[in-house]
Amino acid sequence: MKFLNIPLLLSLAISSVTVAVQGLTYTPNNDVNDHSKIALDQLDISDAIDVFNTALALDIYTNGKNRAGKSIQEMATKDWAAAGLEDVADYDAFAALFYQEGEPFLDTYNLDAMNCNGTFSGQSQEMCDIAAKKNLICTGLLYAQYEAVNSIQYKNEKNWDELFAFWNGVYDETVDSRVNSGGAGAVQKSRDADFGTSFLDASIQAMKNGQKAFSGSSVDTDRVTKAYDDFKRANLATFAQATLKYASLFDEEGLEQAAMDTKWGEGYTYFRCGAGLMHPELALYINYVLDPRDKLGQVFTPKETYCKIVKKMLSLPDIGYGLTLDELNLGNYPSTSTIKEDCGLDSIKHAEGLYYSDGNYRNYVPVLELLVVVCMYFASYIFVTRKRKVE
């Protein structure tokens, strides 16, 4: 993507627009208002789903509404390699995990959930609706990552500002009153409120640090790459919190099926938003135990799946990007505050070779099945990468 020449007066106007969330602000140096409007499509689709207007939701998804000539489906089907990106590892980490016979995994999930068919056949409408709404956020977040990789490869500051626009949504209230809504940033704000953390601030600080790497025609590539890693770490933390929050809630005793399905679908879909940023073994395991689409009729006991995930997290040195379980501040949220008692733990810190009273943490996935899942992952990864080389 080429640099965009912006008249001086427009630049001054843009510089006066900031996003104030918690303690930090981010001010784009380029006009990315148009890019931010795509988050309004996410909000409008969610509104259509809430009133059971699937036809309208699908029309906005496929044809777009708020950003002329652009749609969320285009984002969900984006081929990073075909677009010219040399580093597609971030996309492949997700694509291999959620491989759908060569189909774009984001688009497949979006369509199946909105239509409540395909991989969602037999699921309740509550499950389908929440999955559809939350996967739109996953779509925007991965597209934000696409812009970050663009920015690093082409040393283009405008792409860095586009990372912000797709992550945040509308940031100028003169464009639309729904500022700071519809994107992953809004999820970070909610989870920080739940757990008393500041990962939203960490994301904004990372974007500010990356912005400082651009100075005229020069770019400190190492600095912007480090900022991107910090951004991914902060977002991984938020979606790990969301995974654990809803995993601790969906199997509560006495919960009605509709409420269970809503919490379950929300937790699993939020997991998908950050799964490609996780330690691959952890992501494989969570996908295996939390995906509701192959568990129709399965009976759970309270906190069962949640504790499996917690123990798996503790079995590894980190969740991903050096992030550890204790940094998620689970003690601040009611349903996760009793984590030690619920899961029979002495500590929530990783210990090499840690075992539990019921045996090794892997006993939840029979060894043969675990090997099958791992082999499927690597087979998918090899297929994705080889297919790209052939093309």
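Just to be sure before I move on: is Q100 touching a helix residue (DSSP H, G or I) at 6+ places or on another chain (Cβ under 8 Å), farther than 16 Å from N159 by Cβ and modelled with pLDDT under 95 in the structure I sent?
When the stated conditions are applied, Q100 passes them.
For region 244-264, indicate whether the set of residues that are of a type in the set (S, T, N, Q) and under 15 Å from the mean Cα position of the chain (by Cα) is non-empty.
Looking through region 244-264, none of the residues is of a type in the set (S, T, N, Q) and under 15 Å from the mean Cα position of the chain (by Cα).
What pairs come up if the first residue lies in region 51-77 and is in contact (Cβ under 8 Å) with a residue 12 or more places away in the chain, the second is crowded, with 16+ Cβ neighbours inside 10 Å and among the aromatic types (F, W, Y), and their beta carbons are under 7 Å apart, counting only those six or more places apart or on different chains?
That search, which allows pairs on different chains as well, returns S71/Y61; I72/Y61; Q73/Y61; M75/Y143.
Examine region 202-213 for a residue that is in contact with a His (Cβ under 8 Å, 6 or more places away or on another chain), crowded, with 24+ Cβ neighbours inside 10 Å and modelled with pLDDT of 95 or more, and state whether such a residue exists.
no
How many of the residues making up region 309-335 are in a helix (DSSP H, G or I), surrounded by 16 or more Cβ atoms within 10 Å (Cβ to Cβ) and not charged (D, E, K, R)?
9
Which residues, counting only those in region 174-203, are of a type in the set (A, V, I, L, M) and part of a loop (DSSP other than H, G, I, E, B)?
V175, V179
Looking only at helices (runs of 4 or more DSSP H) that fall completely inside region 1-51, which ones have 1 or more residues that are at pLDDT below 50, surrounded by fewer than 21 Cβ atoms within 10 Å (Cβ to Cβ) and hydroxyl-bearing (S, T, Y)?
Per the criteria, 8-15.
The values are calculated or read from the model by the stated rules, or taken from the named source; none is laboratory data. Here the structure is a predicted model, which is why all the values come from computation and not from measurement. When we count neighbours, we look across all protein chains shown, and the Cβ atoms used for this are built from the backbone with ideal geometry, even at glycine.
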